[in-house]
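J.: Attaching a single structure in structure tokens format; questions to follow.
The values are calculated or read from the model by the stated rules, or taken from the named source; none is laboratory data. These numbers were taken from a predicted model, which means no experiment stands behind them. Neighbour counts are summed over all protein chains in view; Cβ atoms, including those assigned to glycine, are modelled from backbone coordinates with ideal geometry. Ligands, DNA and RNA are stripped out before the accessible areas are found, and what is left, the full protein with its side chains, is counted by its heavy atoms. Shrake-Rupley method; radii C 1.70, N 1.55, O 1.52, S 1.80 Å.
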Amino acid sequence: MSVVLSPMKSAILLLSGGLDSTAAAWLLPGDVRPALALTADYGQRAAHREAAAAYSMARILDIPHRTIHLPFLREAAGGALVRRDLDVPEPSIADLDRPDRAEASANAVWVPNRNGVLIAMAATWAEISGARYVVCGFNREEALTFPDNSAEFLARTNEALAYSTRNRVEVIAPTIHMDKVTIMSEAFRAGAPLERCWSCYHGGSEPCGRCESCKRFDRALGQAGLIREGGKIVRSHGGFP
């Protein structure tokens, strides 16, 4: 694929179709325009649903979308996201704020160096197409248990990319200092199609509502004063202005 971009103004989206990457795409600085969306399929349970969600969002943004297959990452991963013989943790809402329980859940679904691999892939696309940025949905809530979501990881990654890409590709994460409630609220205000998100670890016909990712999405939805209604996400009565 040949993508002609305007240097310093264009971005490659790492778009999983979940809440965080969707919000990041809709919260970009005004002088940055998305030009291509990339979704990774590494054999995760929800790969098909994630790709479908990301594709639909790329259509709204009017940009090309590509699904990149990474079978080696599935071979390297040993967690419940890719192994059907392992159970995906189903924490309670209270468990989300308990460091020991949250850490155990994170360990169960950890994929070795996943964000490092995905950024390297996206940065390669950025360099060959002349894009300046790679966009991720890193956030401070998940950084508590996933260190590759942290501001420190972002800074160190950009230090490395300054040497590994000739046009000094930079990773940006508009959500980096936000928790899930703030992400949900800001994405809603920005007009992001939140009803199209797929934030479930499973790939069924509907989100399971039991895995950690579903629990965080649903908690943020409620705390942001939003509800699902008629296939849309709308402001609830008495919700935030």
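J.: Does any residue of the stretch 150-170 turn out to be part of a strand (DSSP E or B) and either in contact with a helix residue (DSSP H, G or I) (Cβ under 9 Å, 6 or more places away or on another chain) or at pLDDT below 95 (or both)? Outline the logic, then answer.
T.: Residues of the stretch 150-170 that are part of a strand (DSSP E or B), as a first pass: 170.
Among the residues that remain, those that are also either in contact with a helix residue (DSSP H, G or I) (Cβ under 9 Å, 6 or more places away or on another chain) or at pLDDT below 95 (or both) are: 170.
Among the residues of the stretch 150-170, at least one is part of a strand (DSSP E or B) and either in contact with a helix residue (DSSP H, G or I) (Cβ under 9 Å, 6 or more places away or on another chain) or at pLDDT below 95 (or both), which makes the answer yes.
J.: Can you pull out every residue in the stretch 92-125 that is in contact with a Ser or Thr (Cβ under 6 Å, 6 or more places away or on another chain) and open to solvent by 60 Å² or more (accessible area, probe 1.4 Å)?
T.: Selection gives 103 alone.
J.: Shifting gears a bit: When you go through 181, 135 one by one, which is the residue that is under 18 Å from the mean Cα position of the chain (by Cα), over 21 Å from residue 12 (Cβ atoms) and at pLDDT 95 or above? Talk me through it step by step, then tell me what you get.
T.: Details: 135 fails: over 21 Å from residue 12 (Cβ atoms).
Among 181, 135, only 181 is under 18 Å from the mean Cα position of the chain (by Cα), over 21 Å from residue 12 (Cβ atoms) and at pLDDT 95 or above.
J.: Further, regarding this structure: If a residue has to be crowded, with 17+ Cβ neighbours inside 10 Å, assigned to a loop (DSSP other than H, G, I, E, B) and touching a Phe, Trp or Tyr at 6+ places or on another chain (Cβ under 9 Å) to count, how many in the stretch 171-192 make the cut?
T.: Going through the stretch 171-192 one residue at a time, the tally reaches 5.
J.: Being in a loop (DSSP other than H, G, I, E, B) and open to solvent by less than 20 Å² (accessible area, probe 1.4 Å): is that true of residue 134 here? Even if it seems obvious, please write down each step before you answer.
T.: Values: in a loop (DSSP other than H, G, I, E, B): no; open to solvent by less than 20 Å² (accessible area, probe 1.4 Å): yes.
Considered against the rule, which asks whether it is in a loop (DSSP other than H, G, I, E, B) and open to solvent by less than 20 Å² (accessible area, probe 1.4 Å), residue 134 comes out as no.
J.: Report, by residue number, each residue of the stretch 137-149 that is in contact (Cβ under 8 Å) with a residue 40 or more places away in the chain and either in a helix (DSSP H, G or I) or farther than 27 Å from residue 179 by Cβ (or both).
T.: Across the stretch 137-149, the qualifying residues are 141, 142.
J.: Within the stretch 193-207, which residues are open to solvent by less than 30 Å² (accessible area, probe 1.4 Å) and farther than 21 Å from residue 141 by Cα?
T.: Matches in the stretch 193-207: 193 only.
J.: List pairs: first in the stretch 116-133 and closer than 12 Å to residue 171 by Cα and touching a residue at least 12 places away in the same chain (Cβ under 8 Å), second assigned to a helix (DSSP H, G or I) and not aliphatic (A, V, I, L, M), Cβ under 7 Å, 6+ apart or cross-chain?
T.: That search, which allows pairs on different chains as well, returns 116/148; 119/157.
J.: Related question: Give the residues of the stretch 62-79 that are touching a residue at least 40 places away in the same chain (Cβ under 8 Å) and either surrounded by 16 or more Cβ atoms within 10 Å (Cβ to Cβ) or within 17 Å of the chain's Cα centre (by Cα) (or both), sorted by residue number. Give the steps one after another, and end with the answer.
T.: Here is the first cut: in the stretch 62-79, the ones touching a residue at least 40 places away in the same chain (Cβ under 8 Å) are 63-66, 68, 70, 73.
Passing the criteria: 63, 65, 66, 68, 70, 73.
J.: While we're looking at this one, here's another question. Here are the criteria: (1) touching a residue at least 24 places away in the same chain (Cβ under 8 Å); (2) within 20 Å of residue 49 (Cα to Cα); (3) open to solvent by 50 Å² or more (accessible area, probe 1.4 Å); (4) of a type in the set (Gly, Ala, Ser). Tell me which single one residue 164 does not satisfy.
T.: Of everything listed in (1) touching a residue at least 24 places away in the same chain (Cβ under 8 Å); (2) within 20 Å of residue 49 (Cα to Cα); (3) open to solvent by 50 Å² or more (accessible area, probe 1.4 Å); (4) of a type in the set (Gly, Ala, Ser), residue 164 misses just condition (2).
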